[in-house]
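Novice: Below: one structure in structure tokens.
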Amino acid sequence: MQSYKSILKETSILYSNEEIHKGIKNIAEEINQAIQGEFLYVLTVMNGALFFSAHLIPLLNYKIYQDYIHATRYGEKIHGGLVKWIKEPTDVIRDQNVLIIDDILDEGITLVEIIHQCKAIGARNVFYAVLFDKLLDREKIIKPTFSALNVPNKFVFGFGLDYKGFGRNLSDLHVIN
């Protein structure tokens, strides 16, 4: 197995921490203008969106109910498989505006499942904010309601996203060259 330090030597910084924070501020302004209502039920998709969520939520102008959900297709792999639920949304979101916060939108398979679960519970409106939207050479099955930054169709990690379980703590977004 390749060492973590040697992997970092094969990367470059795609977005600096400063650029990421500017993107978060911009997406917060969009959300505050677009979603009507006093309350907002925020569901953070674990583990990757933890960093994004922690920086975004304080910028939102709502009474926030915050919880997390955990659905994954990756685990410690770099290619997705079937959606596996670790923690599903609860019925507290019934008849509420729900904002799902996620780290990256790749193909959209996980997003579709998350939205389906929220609607099945009875959420009034489901919005989806993603920090990074991956640019694919084909149309995705779903698009985010809000997205901060685009990334190329390459493997990226840092600022919450991992590479084989490591790198979430990096303050910048790295791309493997």
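The numbers here are math on the coordinates, done by the rules we state, and not lab data. Model, not experiment: these values are computed from the prediction. All Cβ positions, glycine included, derive from the backbone under ideal geometry; neighbour counts span all protein chains shown.
Novice: Need the C-alpha centroid separation for the range 1-54 versus the range 119-134, integer Å.
Specialist: So the two Cα centres are separated by 16 Å.
Novice: Tally Lys/Arg at +1 and Asp/Glu at -1 over every other residue whose Cβ is under 12 Å from the Cβ of ILE100; what's the total?
Specialist: -3
Novice: Here's a follow-up. Just want to confirm a number: the relative contact order over the range 105-154, from Cα pairs under 8 angstrom separated by 6+ residues, in percent.
Specialist: 41 percent
Novice: If you don't mind, another one. Could you work out the helix-only [θ] at 222 nm for the chain, with each DSSP H run of four or more residues adding -39,500 (n - 2.57) and the total divided by the number of residues, to the nearest 500 deg cm²/dmol?
Specialist: So the calculated ellipticity at 222 nm is -7500 deg cm²/dmol.
Novice: Can you divide the C-alpha Rg of the chain by 2.2 N^0.38 Å and report the result to two decimal places?
Specialist: Normalised Rg, Cα atoms only: 1.01.
Novice: Still on this structure: If you take the beta carbon distance between GLN36 and VAL112 as r and set R0 to 25 Å, what does 1/(1 + (r/R0)^6) give as a FRET efficiency, to the nearest 0.05?
Specialist: Rounded to the nearest 0.05, the efficiency is 0.50.
Novice: In degrees, nearest 10, range 0 to 90: what is the angle between the Cα axis of helix 109-121 and the longest Cα principal axis of the chain?
Specialist: Around 20 degrees separate the two axes.
Novice: For each of HIS21, HIS55, count neighbouring Cβ atoms within 10 Å of the residue's Cβ, then give the residues from fewest to most.
Specialist: The fewest-first ordering by Cβ neighbours comes to HIS21, HIS55.
Novice: Also, I was wondering about something else. Against the longest principal axis of the chain, how steep is helix 17-34, in degrees 0 to 90 to the nearest 10, with axes from Cα atoms?
Specialist: Taking the Cα atoms of the chain, the angle to 17-34 is about 20 degrees.
Novice: Taking Cα pairs under 8 Å and at least six residues apart, what relative contact order does the range 7-176 come out at, in percent?
Specialist: 26 percent
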